[in-house]
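Presented below is the structure to which this report refers.
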Amino acid sequence: MQQKEFVELCRELALVDDHALTKTILPVVKEHLANNSQNKLPVIWLETNDSGDNNIAFMNTTFPYLGQVFSEMIDLLYSNTFMAAQGQDALMILEQTAVLYRGRFTLVVEGAVPLKDNGIYNIIARTANRSITALEAVTRLGSLAQYVVANGTCASFGGPTAARPNLSGSVGVRDVLDKEVINVSGCPTNPDWFVGTLAHLLLYGRPELDNLGRPTLFYGFTVHRHCQRRSYFDRGDFAKKLGNIECMFSQGCMGPRTSADCPYRQWINYVNWPVKANTPCIGCTNEDFPDGSTPFFTPLPEKSGQAAAPGGAQTLPAGVPITRGGGPG
Ligand code: SF4
Ligand code: F3S
């Protein structure tokens, strides 16, 4: 399969078949590995300051399932969350594999990196002599990696870990590395966004990225663009309260300035997503999440409904930039 076909599969066919991407990843990967005598994608995965939500979401991957990702797609060399080894054994594996796979492995970072007080608010390992901070590990491993993937909004942009008052001085991975970071943002990330990005790296290398470093095959459109309540928005028909069936822009929905394919990709084995579950999008993939979204679900002023005139998708209330989160509307 050509790269163009893969990207179209991710972007477009998911609209008519929610499983299109995931059903086809494994056969394509298997064919690619067989034809190229190539190994699986070598991955070193560091979990730093986050809630662990992204690895939990990752474990919910379907088509391919988690076991298939590990056995047939990626070679997980080190993970302080998933591996059985602990302590000195784990650290030895990390040091050896980083050298052995230098320039060939993909570094996945899940979580933000604290900078304050020389980064002591996240220690990934201790030796007899010293503590190894996330700052040190991400900086060193990032410099040795072929690709760096920030998995989740904390790793991408700081996210909830860096929210006000950000006592640990946490930042996204891009702020500590002098190289490109592929930001798979989301709180958490949809398993397809993450597994699909790894599949693209394995099959075709670096994916096309938007202005925030996110793969356009998953973040190419706003949530608003394909939302099932879009017709209500275009008619200027807004929910009076949560639970109403109309557009929830009046209830603080951030869909118009949030890039992600949630309306057609959906979540939880492709059955639901926030708006379908009657809750506004809170902009979890955005660069300024959560500070730019809080207080959540804040109803807009009474006049907001009039500002969004029928058919006038661009006539949002003053001060609400439709694409502040990046990506086309
Ligand atoms: Fe859907 Fe929110 Fe856009 Fe309304 S504002 S159409 S609920 S994404
Ligand atoms: Fe996040 Fe909004 Fe999707 S809150 S999960 S980007 S609908």
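Where a number appears in this text, it was derived from the coordinates with a stated rule and is not lab data. These figures come from a predicted structure and were not determined experimentally. Cβ coordinates were reconstructed from backbone atoms using ideal geometry, including for glycine residues, and neighbour counts include every protein chain displayed.
At a glance:
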quantity: Footprinting exposure proxy for His200, His32 (fewest neighbouring C-beta atoms within 10 Å first); calculated: His32, His200
quantity: Links that overshoot a 28 Å alpha carbon limit, given the list Lys40/Lys276; Lys40/Lys116; Lys4/Lys30; Lys4/Lys179; calculated: Lys40/Lys276; Lys40/Lys116
quantity: Exposure proxy order (Cβ contacts within 10 Å, fewest to most) of Asp175, Asp237, Asp89, Asp261; calculated: Asp89, Asp175, Asp237, Asp261
quantity: Extended-chain gain in nm, criterion 0.36 nm per residue less alpha-carbon gap, Ser143 and Thr62; calculated: 25.9 nm
quantity: Extension reserve of the Arg102-Thr279 stretch, reckoned as 0.36 nm per residue once the Cα distance is removed; calculated: 59.3 nm
quantity: Student exercise, the range 3-219 dipole from Lys, Arg, Asp, Glu Cβ charges, in Debye to nearest 20; calculated: 480
quantity: Table column - 3J(HN,Hα) (Hz), the range 108-125, Karplus curve with 6.51, -1.76, 1.60, x for Gly and Pro; calculated: 9, 10, 10, x, 7, 10, x, 9, 4, 6, 6, x, 6, 7, 8, 10, 8, 6
quantity: Cut-off 18 Å (backbone N to label point 7 Å along Cα→Cβ of Ile268), residues of the range 183-198; calculated: 187-192
quantity: Segment Ala85-Leu209, extension gain: residue separation times 0.36 nm, minus the distance between their alpha carbons; calculated: 41.1 nm
quantity: Distance between modelled label sites at Lys179 and Asn244, nm, 7 Å Cα→Cβ extension; calculated: 5.2
quantity: Within the range 94-109, backbone nitrogen closer than 18 Å to the virtual label 7 Å beyond the Cα of Asn129 toward Cβ; calculated: 94-96
quantity: Gyration tensor (alpha-carbon) shape descriptor, the range 231-303, a/c threshold 1.5; calculated: oblate
